[in-house]
Amino acid sequence: MNLVIDIGNTSTKVGWFEHEELLHVDQSVTPDDLGDLVAQEVPKGIMLSSVSEEEKTADYLRAMKTLSPLMLTASLPLPFTLDYQTPATLGNDRIAAVAGAQALFPGVNALVIDCGTCITYDFLSKGEVYLGGSISPGMTMRFKALNTFTANLPLTDYKENVPYIGKSTQECLRSGVIQGIIGEMNTFIDYYQSEFDHLKVIMCGGDTKFFENKVKARIFAAPELVLRGLNRILRHNAE
């Protein structure tokens with residue numbers, strides 16, 4: 001059994017795999033939790049991906065004691081080719097999400113939209129070459145920025161059925177953020193559909209449930225895409 005660990009900006013989750021099958025996911029895992037998990041079930045292989053600070057990552061490594069996970073970096077052998085000018089700066093979460101898309105839909109053009117702290121758009125050409133993508137602020141980040149960088153705008157949050165024309169400041173903020181994100185997503189999807197045939201659009205990340213039915217295109221929601229990608233890369237390096 002393989003164990004994959006995703007240390008994100010806000011929380012850490014782990015997935016247990018038997019070959020390609022995802023057996024179980026543990027959410028909001030602390031270093032102590034991870035120590036207990038690996039003490040109960042020693043994995044055959046372990047992969048760790050982190051986009052968090054080094055100190056936090058070190059806490060998880062210490063919790064595993066003598067176990068040495070494979071650490072995800074852009075220099076690790078990957079199941080696809082990177083056509084990217086600065087691979088050393090490419091986020092591990094983006095690499096793993098693309099690998100997850102490849103695992104689910106091999107051999108097709110895939111656009112991965114990760115709705116997390118940031119919203120990232122990543123494109124894999126015919127399952128073989130990562131061409132790059134885009135990064136924009138996530139929904140919570142946009143709400144916080146409007147409050148932080150202005151004197152009078154309040155901090156608000158998301159809500160369903162937001163009108164285009166806000167009738168209060170709260171509604172205007174929600175309209176700007178939410179309708180802005182939806183418009184952004186539709187624009188990116190339209191571009192990739194016009195440039196690449198038989199495009200598969202895959203959405204993952206914490207805000208997937210909120211946005212998956214709000215865009216025009218047909219979306220495949222894959223909330224555990226990063227975990228699946230980490231397992232795909234782990235298996236690729238074990239071959």
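Laboratory data are not the source of any read-out in this text; all were calculated from the coordinates shown. Please read these numbers as outputs of a predicted model, since none were measured by experiment. Please note: Cβ atoms are built from the backbone with ideal geometry, for glycine as well, and neighbour counts cover all protein chains shown.
Put +1 on the Cβ of every Lys and Arg and -1 on every Asp and Glu Cβ in the chain; which of Leu82, Val108, Val177 then has its Cα farthest towards the positive end of the dipole? In the chain, that residue is Val177. With helices as the sole contributors, the chain gives -10500 deg cm²/dmol at 222 nm; each DSSP H run of n ≥ 4 counts as -39500 (n - 2.57), and the sum is divided by every residue. From the alpha carbon centroid of the range 1-44 to that of the range 111-183 is 29 Å. Rounded to the nearest 20 debye, the dipole magnitude of the range 74-233 is 320 debye, with +1 charges on Lys and Arg beta carbons, -1 on Asp and Glu beta carbons, and the Cα centre as origin.
At 0.890 mPa s and 25 °C, plugging the Kirkwood radius over alpha-carbon pairs of the chain into Stokes-Einstein gives what diffusion coefficient in µm²/s? Present the calculation step by step, with values, prior to reporting the outcome.
Working: Rh = 18.9 Å.
Translational D for this selection: 130 µm²/s.
Each residue of the range 99-213 gets 103 Å³ once the volume of the Cα convex hull is shared out per residue.
The calculated pair-distance distribution of the range 1-71 uses every alpha carbon pair, bins of 10 angstrom beginning at 0, and gives 21, 61, 18, 0 percent.
Which of rounded, prolate or oblate describes the range 73-120 when judged by the alpha-carbon gyration tensor and an a/c cut-off of 1.5?
On the way: a/c = 1.80, a/b = 1.06, b/c = 1.70.
Since a/c reaches 1.5 but b/c is at least a/b, the shape of the range 73-120 is classed as oblate.
In the elastic network of the chain, a GNM with C-alpha springs shorter than 10 Å, the most mobile of Leu155, Leu199, Leu72 is Leu155.
Placing a label point 7 Å from the Cα of Glu171 along the Cα-to-Cβ direction, the residues of the range 122-157 whose backbone N falls under 17 Å of that point are 154, 156-157.
Taking other residues whose beta carbon is less than 15 angstrom from the beta carbon of Ser175, and scoring Lys, Arg as +1 and Asp, Glu as -1, yields +1. Working from Cα pairs under 8 Å separated by at least six residues, relative contact order for the chain is 21 percent.
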